[in-house]
Amino acid sequence: MLKYKFWLKIMLTICLMMTMASSAKAAALNSQKYVQSTTPTFFFHGWGSGAHAERHMVQAAIDAGVTKTVIVANVAQNGTVELEGKIPHGAINPIIEVNLIDNENSNYTTDGHYVAAAIQKVCQTYHFKKYQVEAHSMGNMAFLYCLLQNANNSKFPKLQKEVAMAGTFDGVIGWNQPANLQYNERTGEATPATKSYQKLKKLRHTYPTTARVLNIYGDLGDGTDSQVDNKSSKALKYLVASRAKSYQEQRITGANAKHELLHRNPQVDAILIKFLWGK
């Protein structure tokens, strides 16, 4: 079964690359609406998922004329990274879809190392000094742990923008969400704190001051996106807002605000594209 899952993921990644390559060739860059930057943007999926989960958003960026360049970074369980595709010299707004082979690991420390490995591999290969990030669900935890682990690493690339989507910062409903979860609208702090959220509070002193942050969460009308309480998703504010260059939140409503549908929502596509690349 494990071997089957491994090869299935490989085939999905290959199909994804073929689709992206075809679409990218047909796309025309829109230099009037979008910045013409060489800064790469990394897309991180959530628990149990893969690079294919980000396909809709990435395709939306291609169709809008943001970029012509998309590659995949496969991160193995031992932390080694294999890149599929190439980023041409001077490529505009390149996108890297990160595919974690060990995609059901809930050890955020390990996940943070996976994320760092992907970012460092790409940035060292192509000599990037800056980067942007979009992360969905538990991918946000992996990315924030990456930032914790590299807080004192002066050689780590500089974060410019972060889009957090459906973040699980203080737990997931039915799994590790604290009982009687509360949220302070003024400070952004959620209480009680899970052990992982407590550890992330170190970011209040180390989060990159170079970064602008957009926190997107879904509300189905009951204060949740079906899997994550809005209090947990909004708890990012307490961790980063006091240090980030800017911090903003975007509440998404309607049927497509559901946790697993946010990254296939045209409204979210437009918000994300404008924030990451809009002039």
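The values are calculated or read from the model by the stated rules, or taken from the named source; none is laboratory data. Because the structure is predicted, anything quoted here is derived from the model rather than measured. Note that we place each Cβ from the backbone using ideal geometry, even for glycine, and neighbour counts take in every protein chain shown. To get the accessible areas, we keep the full protein, side chains included, count just its heavy atoms, and leave off ligands, DNA and RNA. Shrake-Rupley method; radii C 1.70, N 1.55, O 1.52, S 1.80 Å.
Structure above, values below:
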quantity: Filter pass, Gly85 being open to solvent by 30 Å² or more (accessible area, probe 1.4 Å) and more than 24 Å from Met141 (Cα to Cα); calculated: yes
quantity: Tabulated pairs, segment 30-47, first in contact (Cβ under 8 Å) with a residue 24 or more places away in the chain and open to solvent by 10 Å² or more (accessible area, probe 1.4 Å), second of a type in the set (Val, Ile, Thr) and in a loop (DSSP other than H, G, I, E, B), C-beta under 8 angstrom, 6+ apart or interchain; calculated: Asn30/Val66; Tyr34/Val66; Gln36/Ile92; Ser37/Ile92; Thr38/Ile92
quantity: Flag if Glu185 is out of contact with any His (no Cβ under 8 Å at 6 or more places or on another chain), open to solvent by 40 Å² or more (accessible area, probe 1.4 Å) and charged (D, E, K, R); calculated: yes
quantity: Those residues of segment 215-259 which are in contact (Cβ under 8 Å) with a residue 40 or more places away in the chain, of a type in the set (Gly, Ala, Ser) and in a helix (DSSP H, G or I), in sequence order; calculated: Ser232, Ser233
quantity: Search result, residues across segment 193-211 that are in a loop (DSSP other than H, G, I, E, B), open to solvent by 50 Å² or more (accessible area, probe 1.4 Å) and farther than 18 Å from Thr110 by Cα; calculated: Thr209, Thr210
quantity: All positions within segment 157-174 that are open to solvent by 10 Å² or more (accessible area, probe 1.4 Å) and of a type outside the set (D, E, K, R); calculated: Pro157, Gln160, Val172, Ile173, Gly174
quantity: Subset tally (residues that are β-branched (Val, Ile, Thr) and in a strand (DSSP E or B)) for segment 66-107; calculated: 8
quantity: Output for segment 268-279, where each listed residue is more than 12 Å from Lys33 (Cα to Cα) and in contact with a helix residue (DSSP H, G or I) (Cβ under 7 Å, 6 or more places away or on another chain); calculated: Val268, Asp269, Leu272
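Results for (1) closer than 18 Å to Thr206 by Cβ; (2) without any contact (Cβ under 8 Å) to a residue 24 or more places away in the chain; (3) in a loop (DSSP other than H, G, I, E, B), shown as yes or no for each residue.
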position: Glu134; (1), (2), (3): no, no, no
position: Leu144; (1), (2), (3): yes, no, no
position: Ala151; (1), (2), (3): yes, no, yes
position: Ser154; (1), (2), (3): yes, yes, yes
position: Val163; (1), (2), (3): no, no, no
position: Phe169; (1), (2), (3): yes, no, yes
